[in-house]
Amino acid sequence: MTAPAESPAQPQPQDQDPHPRPRPHRFRSVRRVPAALTALVILAVACLFLYDLAAVRAHRPGMRWRRELARQLELRTPADTAVLIAGGVLALAGVVLLVLAIAPGLRGILTMRAPEGAGPGVRAGLGRKAAALVLRDRAMEVSGVRSARAKVGRRRAKVRATSHFRELDDVRADLDEVLAVAVDELGLARPVPARVRVRRGKE
C-alpha cells in the first residue's frame, strides 16, 4: 500500500497582517464656542419664560411680547406666509445645528495610519498645509520643474508645475512617479491621489 500523497502547503502572503489594526477615525472638533453660545441662548430663553411664568403666577400681567405672540397664534393659521417663513427658518437652523453636531470638523487635519506597536489610544494627524508643502518640495526635485504649487484636499491632491526645459510629457511622468511615492510616505490612513498639471513657463 502506498501512502496518500500530501498536497503541498499553500504559501501564506507575507504582507498580510495577522492582527490588523482598526482603521483610525477622523479627528473631531470639540466645538466649545458653538456649544457655549447655544447653551447661553437656551438659558436666556428659559430664564425669560420662567420669569414670565412666575409673574403670571403672582397675579401680575405677563410680558407684552408674550401676550402679542399668543394673540398672533390665535389669529394666524399654518397656511399663512409669515408662519411658513418662520417655520422654514427654524427648520434650517435645526438642520445647521444637526450638521454641526454630527460632522467631525477639523477638516485641516488628515488622519495618519497608526504607528507600528502603538496602543489603541494613539493617533496621529498631519495638517493639509504641511502635506502640500511636502508634495511641493518633492515636485521641485524633479528635473525640469522650475516652480510648483500643491494643494491637498481630503480626497485628492492637486499639483501644478511649470517646466522650462524637457518635454512636458516626460516631466509629467516623472512627477507622477515621484508624487506617488511621496503620498505613500505621508503615511495617511486614506491616501490622496495626486493630480498633476504641467505647463510651459514663460521665458
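Data overview
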quantity: Scan of the stretch 148-174 for residues that are of a type outside the set (V, I, T) and over 25 Å from G108 (Cβ atoms), ordered by number; calculated: S163, H164, F165, R166, E167, L168, D169, D170, R172, A173, D174
quantity: Enumeration of residues in the stretch 151-162 that are assigned to a strand (DSSP E or B) and touching a residue at least 24 places away in the same chain (Cβ under 8 Å); calculated: V152, A157, K158, V159, R160, A161, T162
quantity: Residue that is surrounded by the fewest Cβ atoms within 10 Å (Cβ to Cβ), among those in the stretch 137-179 that are in contact with a strand residue (DSSP E or B) (Cβ under 8 Å, 6 or more places away or on another chain) and β-branched (V, I, T); calculated: T162
quantity: Residue match in the stretch 93-105 (condition: surrounded by 12 or more Cβ atoms within 10 Å (Cβ to Cβ) and part of a helix (DSSP H, G or I)); calculated: yes
quantity: Pairs with Cβ under 8 Å, 6+ apart, first in the stretch 72-99 and farther than 27 Å from R31 by Cα, second surrounded by 10 or more Cβ atoms within 10 Å (Cβ to Cβ) and among the aliphatic types (A, V, I, L, M); calculated: R76/V83; T77/V83; P78/L84
quantity: Members of the stretch 15-73 found to be at pLDDT 80 or above, surrounded by 12 or more Cβ atoms within 10 Å (Cβ to Cβ) and not in a helix (DSSP H, G or I), listed by number; calculated: M63
quantity: V83 under 30 Å from R156 (Cβ atoms) and either among the β-branched types (V, I, T) or assigned to a helix (DSSP H, G or I) (or both); calculated: no
quantity: Number of positions in the stretch 74-99 that are modelled with pLDDT of 85 or more and among the acidic types (D, E); calculated: 1
quantity: Residue count for the stretch 163-203, restricted to those that are assigned to a helix (DSSP H, G or I), of a type in the set (A, V, I, L, M) and within 14 Å of V142 (Cβ to Cβ); calculated: 9
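The values are calculated or read from the model by the stated rules, or taken from the named source; none is laboratory data. Only a predicted model underlies this, so the values are computations on that prediction, with no experimental measurement involved. All Cβ positions, glycine included, derive from the backbone under ideal geometry; neighbour counts span all protein chains shown.
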